[in-house]
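Structure first, commentary second.
What follows draws every value from the coordinates through simple rules; no lab data is involved. As the structure is a computational prediction, the values presented were derived from the model and not from experiment. Because the Cβ atoms are built from the backbone with ideal geometry, glycine has one as well, and the counts that use them run over all protein chains shown.
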Amino acid sequence: MQTKHLLGIEPLHPHQITEILDLADQYAQSNRSKAPINDVLGGCTQINMFFENSTRTQASFEIAGKRLGADVMNMSMKASSINKGETLIDTAVTLNAMHPDLLVVRHPHSGAVDLLAQKVDCAVINAGDGRHEHPTQALLDALTIRRSKGRLHRLNIAICGDIAHSRVARSNLILLGKMENRIRLVGPATLMPSGITEFGAEVYHDMNEGLKDVDVIMMLRLQSERMDGGFIPSEREYYHRYGLDTAKLSNAKEGAIVMHPGPMNRGVEIDGEIADDLSRSVIQEQVEMGVAVRMAVMNILMRSRREAAQEAML
Ligand code: ASP
């Protein structure tokens with residue numbers, strides 16, 4: 001994969017997606033067996049800059065970097081000079097002057113990570129920007145699906161809930177579409193972005209219909225931090241109509257898997273018992289695959305950075 005950054009799924013070709021997933025699959029095996037792992041990031045400095053809360057993603061990037069031998073630094077953005085009025089770009093340029101090899105950035109504004117990537121010399125990974133993209137989440141979801149279903153094409157996949165505010169939905173819609181799956185978006189009209197059908201997905205407002213015969217159910221959290229008005233009548237009503245419970249799940253194929261990117265609100269978008277039912281739920285495997293996918297992405301980006309540096313010296 002000849003690329004400097006990972007800013008979104010949009011620019012990736014299907015063969016690049018497969019290359020990442022194949023390498024991640026190998027890392028998933030070695031993570032499980034605790035096999036020794038090559039220090040491919042030895043001597044690299046990785047800085048994690050999270051301007052929005054994160055539990056899974058930040059921990060996962062940190063573990064992934066350390067497993068590959070990188071020096072990992074977590075910037076506390078609450079304590080940073082951003083709060084003294086420094087712009088995002090000034091902060092990035094300042095850090096760039098310390099010659100890191102990799103910046104992992106999460107930001108509440110769509111497009112902020114792309115902008116930052118234009119101002120620095122190092123590789124940048126988008127760890128989620130506003131409602132735009134969350135590429136490593138879509139890649140880890142894809143790996144989880146491929147391992148559970150044995151393939152990543154011609155599957156019926158329902159993405160359910162707050163589509164409008166979700167970068168997870170957007171990145172998944174793009175990735176799963178590129179890999180030729182049939183995608184359904186299920187949720188209330190108020191949580192469906194306009195023009196979404198251009199992505200080639202089918203839209204359902206009735207959960208029972210939307211889940212009929214699907215292979216994969218991906219539930220989403222209500223992104224209340226990105227809502228500026230009343231998008232749903234109440235959480236209770238929302239759960240009644242769109243929360244995944246046993247009755248609604250019975251519409252899906254028998255072996256359908258249940259996914260959720262976390263953090264999960266039990267009793268709002270999903271019944272806690274379904275989330276914990278390991279015969280259906282692959283939510284913990286998603287977390288596990290997150291480390292493997294991030295290791296693969298960082299390995300590939302650092303390799304292409306080294307190759308580019310060598311070419312420049314010739
Ligand atoms: N953790 C995911 C994200 O950062 C999903 C969520 O927050 O609901 O987008």
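Miscellaneous remarks
- Viscosity 0.890 mPa s, temperature 25 °C, Stokes-Einstein D of segment 185-280 from Kirkwood C-alpha radius, µm²/s: 175
- For segment 100-255, with +1 on Lys and Arg beta carbons and -1 on Asp and Glu, the positive-most of TYR238, ALA123, HIS165 along the dipole: ALA123
- Segment 118-212 shape via C-alpha gyration tensor axes, a/c threshold 1.5: oblate
- In terms of distances greater than 28 angstrom between alpha carbons, the cross-link table entries LYS34/LYS178; LYS178/LYS212; LYS66/LYS149; LYS34/LYS149 yield LYS34/LYS178; LYS66/LYS149.
- All aspartates and glutamates inside 13 Å of LYS119 as judged from Cα atoms, apart from same-chain residues fewer than 8 positions distant: ASP90
- Principal axis dimensions, largest first and in whole angstrom, of the chain by Cα: 60, 45, 34
- Angle of helix 14-33 to the longest C-alpha principal axis of the chain, folded into 0 to 90 degrees and rounded to 10: 90°.
- Loop trypsin sites (Lys or Arg not before Pro), segment 91-148 (other Cβ atoms within 10 Å of the site Cβ: 16 or fewer; DSSP): LYS119
- Whole-number D in µm² s⁻¹ for segment 13-109, Kirkwood Cα-pair radius fed into Stokes-Einstein, 20 °C, 1.002 mPa s: 141
- Taking the three principal axes of the alpha carbon atoms in segment 72-145, the coordinate ranges are 42, 24, 22 Å, sorted in descending order.
- Near the amide H of VAL186, within less than 5 Å, lie the amide hydrogens of ILE159, CYS160, GLY161, TYR204, all on another chain or at least 5 residues away, with H placed in the peptide plane.
- Against the chain, whose longest principal axis comes from its Cα atoms, helix 283-313 is set at around 30 degrees.
- In segment 158-253, GluC sites (Glu not before Pro) in a DSSP loop with at most 14 other beta-carbon atoms within 10 Å: GLU180
- Other-chain or far-sequence residues with amide H under 5 Å of ALA70's (modelled H): LEU41
- Shape analysis of segment 237-314 places it in the prolate category; the axes a ≥ b ≥ c from the Cα gyration tensor give an a/c of at least 1.5, with a/b above b/c.
- Principal-axis tilt of helix 167-178 within the chain, Cα atoms, nearest 10 degrees: 90
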